[in-house]
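Here the structure comes first, spelled out in structure tokens, and everything after it is commentary.
The values are calculated or read from the model by the stated rules, or taken from the named source; none is laboratory data. Not measured: the values here are computed from a predicted model. Because the Cβ atoms are built from the backbone with ideal geometry, glycine has one as well, and the counts that use them run over all protein chains shown. Calculation scope for accessible area: heavy atoms of the full protein, side chains included, ligands and nucleic acids excluded. Shrake-Rupley method; radii C 1.70, N 1.55, O 1.52, S 1.80 Å.
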Amino acid sequence: MLLLLMVTAGSCRKKLADLYYDPDQTIQPSMEKFFTEMLHNDRVRPSYWNIRTFVVLHTGIYTQSVGYLNTTTVYQQNAGYTQDRWNDFYRPGNATEGGNGGILAHYRLIESLYESIQDEQRKKESALFYMAARVVMLDQASQMVDLWGDIPFSQAGSVNNSGRLVEAKFDNAATVYDVILEGLKNAALYFSDAQVSSTAHAAFSKQDILLNGQFDKWQRYANSIRLRLLMRLSFVNEEKARNEVLTILNNPTIFPLIDGALNYMPVQTDVLLQPLTTYADDLHLALSEVFNYSAPDYMLNTVMKPSNDPRIPVLFDKYGRTEGDQFIPNADYNGLPVSFNAEQQQVNLGRYAILDSATFLFNSKLPGIVITAPEVNFLKAEAWERWGGGDAAAAYEKAIRQSVTFYYYLNSLNSVTRTPLPLPVPGVIDDFLQTDHIKYTGTANEKLAKIWLQKWLHLGFLQSVESWAECRRTKYPVLQFYPSTLPGYELPPSRLVYPSSEISYNTNYASVKDKDVRTGKLFWDVK
């Protein structure tokens, strides 16, 4: 088995070198091409495979950001599909296995190439790719921690650096977070004052399919992910989180964020991974094959309808049912009741609203969402509400206004299915912000509940990995789940269990075996 793994690792490395070989550099593969391949990630983009096999079977259900049937196995983790999700972080895949991946493998190759550069000037200019790749890797690594807890990290992918096969140890999740936070801080500092030649900058811009070589935006991206993760720590290490978060928020010139402070335009402000120009697929099959296209009960019925939320028309279609030869449209927007059993749900699907066809089901232009200004402003609102130092109400209202703009932007990307809906006029949004369910009033706890609820709504199923982490951290919204009768799987898990590859082939699994239960809690899940 060891010989087989060594041969496989060597073969994979050779294939990567052959694939990304740069004829202008006769002695090594191209760092630039590896960087682009890191960005070309179908676990960031809303690809069919990611939505169909991971989101609608796992995180979308755990957050109730999609509709689903209350089958017996609804809360049981699909081992094969979560294995795929794990693999796509650690090693490159191919299109038939769900798309691109190998974030850590590509990063280790970039790291190895960077460290091997002897020429001082060339190393200085190659640092652009190395530091940007590090931001991407650290962002993705934080998601792995949020899904599983302790992960192989510090030693993982070492075959690409040393040529030796090492069974990577499982690093403590809190320790990994510390490394990530420090790495993001250093990367943001680097991009705040990166000095390179125009030739190096042009090469970086050409390969940077995420942010088009904008140093300022890489700085904001790193700072914003760091803010997100510091708030994730805020109930387990409040002093650290408070001090570092307020330092960021009180010094916007030194620590700029993806917050749309001047003029919010999603395509320019947010960190979005656009689809390839050749991409023509959409999500209708991913969302319909196992009946996940229904409007979720709590989101629509309890949160949005009572306040006449202006996002409803771009998030949902009223839908309808066919009786005989006649289609009978539904009179109103109603989410599929989570209290129904699977049979009741399935026979009544047509009587309830569905995800909007133009915005979600048949929209081939949906970008991958890395982080948006509304999320950042919800984080700012929470921090200021808890610790002072800023206007929490203003940040909360700005986040909601931006969220409305964001979803109308997604709707506008599809001009084929129907004419995009116009953004509501300011007066409509002003009235919405003054409704009882939305208005920023009440006790501190009631205000925090509104912040967390609106952030959950904004994240939706497209960012359900982030949403699941926030649901576990804040315990909002308070969702009700239909209990399954399958013993041991009555309710959603609080973490994913490790894939069989680690259990079978990594002897270091013994160090985390006792933690490897679906009811285990991550280190930041203490509320």
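Some observations on this one:
- Carbon + sulfur, % of accessible area of the range 428-511 - ligands and nucleic acids excluded, 1.4 Å: 56
- A straight Cα-to-Cα reach below 12 Å connects Lys515 with the aspartates and glutamates Asp150, residues fewer than 8 places away in its own chain not being considered.
- Approximate spin-label separation Ala79-Gln274, in nm, with each point projected 7 Å along Cα-to-Cβ: 4.3
- Rounded to whole Hz, the Karplus (6.51, -1.76, 1.60) HN-Hα couplings of the range 446-451, x for glycine and proline: 5, 5, 4, 4, 5, 4
- To the nearest 10, the accessible area of Ser197 is 40 Å² with a 1.4 Å probe.
- Other residues within the sphere of radius under 11 Å centred on the Cβ of Asn50, judged by their own Cβ, net out at +1 (K and R +1, D and E -1).
- Between Ser339 and Glu239, the modelled label-to-label distance comes to 4.7 nm, taking each label 7 Å out from Cα in the direction of the beta carbon.
- Every helix of 4 or more DSSP H residues in the chain counts as -39500 (n - 2.57), and over all residues that averages to -14500 deg cm²/dmol at 222 nm.
- Around Tyr352: net Lys/Arg minus Asp/Glu count, Cβ-Cβ under 11 Å: 0
- Carbon/sulfur fraction of accessible area - the range 259-403, other protein chains in place, 1.4 Å, %: 51
- For the cross-link pairs Lys450/Lys475; Lys439/Lys475; Lys439/Lys527; Lys240/Lys455, the ones whose C-alpha atoms lie over 19 Å apart are Lys439/Lys475; Lys439/Lys527; Lys240/Lys455.
- Taking the chain and dividing mean pair separation by its residue count, relative contact order in percent (alpha carbons under 8 Å, at least six apart): 19
- Percent RCO, i.e. relative contact order, over the range 441-510, from Cα pairs under 8 Å lying at least 6 residues apart: 20
- Extended-chain gain in nm, criterion 0.36 nm per residue less alpha-carbon gap, Asn445 and Asp325: 38.0 nm
- Take the chain with all the other protein chains still there, run a 1.4 Å probe, and you get 41 Å² of accessible area per residue.
- Per-residue SASA entry for Thr302, accessible area with 1.4 Å probe, Å² rounded to 10: 60
- Pairwise centroid distance, computed over Cα atoms, of the range 276-296 with the range 226-273, Å: 31
- Nearest-0.05 FRET efficiency for Ile254 and Lys123, computed from C-beta distance (R0 30 Å): 0.70
- Order of exposure, largest accessible area first, which applies to Arg401, Arg45, Arg52 with probe 1.4 Å: Arg401, Arg52, Arg45
- In order along the range 142-147, the Karplus-derived 3J(HN,Hα) couplings, from 6.51 cos²θ - 1.76 cosθ + 1.60 at θ = phi - 60°, round to 4, 5, 4, 4, 5, 8 Hz, and Gly and Pro are given as x.
- With every protein chain in place and a 1.4 angstrom probe, the accessible-area ranking of Trp384, Trp468, largest first, reads Trp384, Trp468.
- Among (1) 27.2; (2) 23.0; (3) 25.4, the entry that matches mean projected area of the Cα convex hull in nm² as calculated here: (3)
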